[in-house]
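Take a look at the structure set out below.
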Amino acid sequence: MTGTALTVRVSPGPATGKDPMTAPNRPPLLLVGGGNRHYREYLLAALRPHFRLWLIDSADSTWPHDYVEGVTVADTLDADALIAVARQVTASFPARGVLTFDESLVYPVARVAEELGLPGSPPEAVQACRDKATSRAALDAAGVPQPISRTVGSAEEAVAAAEEIGYPVVVKARGLAGSLGVLRVDDPTAVSDAYATASGAVWPGIPRYEADVLVEEFLTGPEISIDAVISQSVCTPLVIAHKRTGFAPFFEETGHTVDADDPLFNDAALLGQLGLVHKGIGLTEGATHTEFKLTDRGPRLVEINARSGGDFIPRLGVLAGGSDPILAAAQIAVGQTPPPRVVLRRTAAIRFLYPAADCEVVDTVVHDDRFGPTIREALGAVATGTHLWLPPHAYQTRSRYGHVIAVGADAGQVAADLDCAEDLVTLRSKPQST
């Protein structure tokens, strides 16, 4: 598709919201990448009342049409082609910024911002977030404490690195995110298989490297993520989520909890590390999703992404009564200053639902008569005939059959209601056909 573009003009519905701006006052914003409707529609719904949107995507999915003024179909993974298409679009749609929520598109979009003179971090800083080895090297040079990390290009090198670091270790794909291609290894017998899994993990648009795997020190302690915005090199955390993982030795992200008035917002060590990481990478403008382990030696970086968090984490922040990270990301993208962080008043949490084994979906049934008092949403998110695979055979969106969200002032009640999540949405399935 390189060098070609197809533009479709659509007629979005009226902007909605508590205090919607009139159309002339909503800044025009380019959005690159539509994505999976289940995970992305709430993002466009959050932006629509405040921005005029034009979508550049690799295909003309119809679901975004209610939120955008037009769609241009182009090769979004080719930075030069994307720049050319963005110039074409902005000739009639005078965008004041460009934004993506797609990990594979953050670097091409950073190139667009630079070439069109729009707000954004330097492309090389964004690319450093994409490449975990580059991230580690940049932060080592900046003196940021990190786990021991070695980049390897073979199973033999992986074994040697693990022996040097000491077991257990974490073996991870160099360029992926969302815990894809990441697993724990406890002894030498499992290193070669772990290397094969990490080096074989793929995602569209993600570059591969000659030395494509990292072997790292295993960090003990709870894991959190911070959705933040950075404006004029000042980093402001908006949402802190506590992560649940499963399917050991893999690190599948099975849920997240955003606590009311989380004391970590006042943790000097954590906030100091957050600022040092952003400065060390060279980020100056935009939204980030940064993951830390809270170890007995202090917070240690797991990874940083030059985009807002996935898995509905920004939505959890809003449901908890806090600032909207999606709106803040878009405001920075068009050169506006987002409002200060709002103190969270409630606990909001999500649990993702997985089958007991690889299967083909027959249907899902939501049992609203079983809802506890804090259940906000329970959804089956897969169609009949969908094939589901458990980790490591598939990434999150191909492993899950639904999710449950709970929100309330009583964190204990939220947790108790989510302990029954699998009873709220049941899956009927059959073995996968060969």
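Mind putting a number on the dipole of the stretch 238-291 about its Cα centre? Charges go on the C-beta only, +1 for Lys and Arg and -1 for Asp and Glu, and I need it in Debye to the nearest 20.
In total the dipole reaches around 160 debye.
Would you mind telling me which residue in S199, S121, S61 has the biggest mean-square fluctuation in a Gaussian network model of the chain, where springs connect alpha carbons within a distance under 10 angstrom?
Looking only at S199, S121, S61, the biggest GNM fluctuation is shown by S61.
Please give, to one decimal in nm, the separation of the simple spin-label points placed at A357 and D66, each 7 Å out from Cα toward the Cβ.
Label at A357, label at D66, 3.9 nm between them.
Rounded to whole Hz and in sequence order, give me ³J(HN,Hα) for the stretch 292-299 from the Karplus expression 6.51 cos²θ - 1.76 cosθ + 1.60, θ = phi - 60°, writing x for Gly and Pro.
Along the stretch 292-299, the couplings run 10, 9, 8, 8, 6, 9, x, x Hz.
From the phi angles alone, apply the Karplus equation (6.51, -1.76, 1.60; θ = phi - 60°) to the stretch 343-360 and give each ³J(HN,Hα) in whole Hz, x where the residue is Gly or Pro.
With the stated coefficients, the stretch 343-360 comes to 5, 6, 10, 9, 9, 10, 8, 9, 10, 9, 10, 10, x, 6, 7, 3, 7, 10 Hz.
Full extension from N266 to Q432: what is 0.36 nm times the residue separation minus their Cα-Cα distance, to one decimal in nm?
54.8 nm
Order these peptides, 320-329, 75-84, by their mean beta-carbon neighbour count within 10 angstrom, highest first.
Top of the packing list down: 320-329, 75-84.
Can you find, among V404, V425, V109, the residue sitting farthest towards the positive end of the charge dipole of the chain, where Lys and Arg contribute +1 and Asp and Glu -1 at Cβ?
Positive-end residue among those listed: V109.
Loop by DSSP (not H, G, I, E, B), at most 14 other beta-carbon atoms within 10 Å: where is the longest site-free stretch of the chain for trypsin sites (Lys or Arg not before Pro)?
Value returned for the longest uninterrupted segment is 19-207.
Hull surface divided by four, with the convex hull built on the Cα atoms of the stretch 101-226: how many nm²?
Result: a mean projected hull area of 8.6 nm².
Using a Förster radius of 25 Å, what is the FRET efficiency between D193 and T295 based on their Cβ-Cβ separation? Nearest 0.05, please.
According to the calculation, E is roughly 0.40.
Given only helices, namely DSSP H runs of n ≥ 4 each adding -39500 (n - 2.57), what is the per-residue ellipticity at 222 nm of the chain, to the nearest 500 deg cm²/dmol?
Helices in the chain give a 222 nm mean residue ellipticity of -7500 deg cm²/dmol.
Give me the percent of Cα-Cα pairs in the stretch 347-434 that sit more than 14 Å apart, rounded to a whole number.
61
Out of the stretch 205-293, which GluC sites (Glu not before Pro) are coil in DSSP terms and have no more than 12 other C-beta atoms within 10 Å?
Of the GluC sites (Glu not before Pro), the ones in loops of the stretch 205-293 whose Cβ has at most 12 other Cβ atoms within 10 Å are E210.
Tell me, in nm to one decimal, what length is gained between L116 and T220 on full extension, where the rule is 0.36 nm per residue of separation less the Cα-Cα distance?
Contour length minus the Cα-Cα distance gives 33.1 nm.
What nm value, rounded to one decimal, do you get for the distance between R87 and R184 when each label is placed 7 Å out toward the C-beta?
Placing both labels 7 Å beyond Cα along the Cβ direction yields 5.1 nm.
In whole Å, what three semi-axes, largest first, describe the equivalent ellipsoid of the stretch 6-118 built from its Cα gyration tensor (square root of 5 times each eigenvalue)?
Those come to 21, 16, 13 Å.
Which FRET efficiency, nearest 0.05, do D419 and R208 yield, Cβ-Cβ r, R0 56 Å?
0.90
For E124 and E164, compute 0.36 nm times the residue count separating them, minus their Cα-Cα distance, and round to one decimal in nm.
Gain on stretching E124 to E164: 11.3 nm.
How large is log10 I(q)/I(0) at q = 0.20, 0.28 Å⁻¹ when the Debye formula is applied to the Cα atoms of the stretch 148-217, each weighted equally and without solvent?
One equal scatterer on each Cα of the stretch 148-217 leads to -0.67, -1.29.
Compute the Kirkwood hydrodynamic radius of the stretch 273-330, taking the inverse of the mean of 1/r over all pairs of distinct Cα atoms, and give it in Å to one decimal.
12.6
Rule-based calculations on the coordinates, nothing more; no lab input. These numbers were taken from a predicted model, which means no experiment stands behind them. Cβ sites come from the backbone with ideal geometry, for glycine too, and all protein chains shown count toward neighbours.
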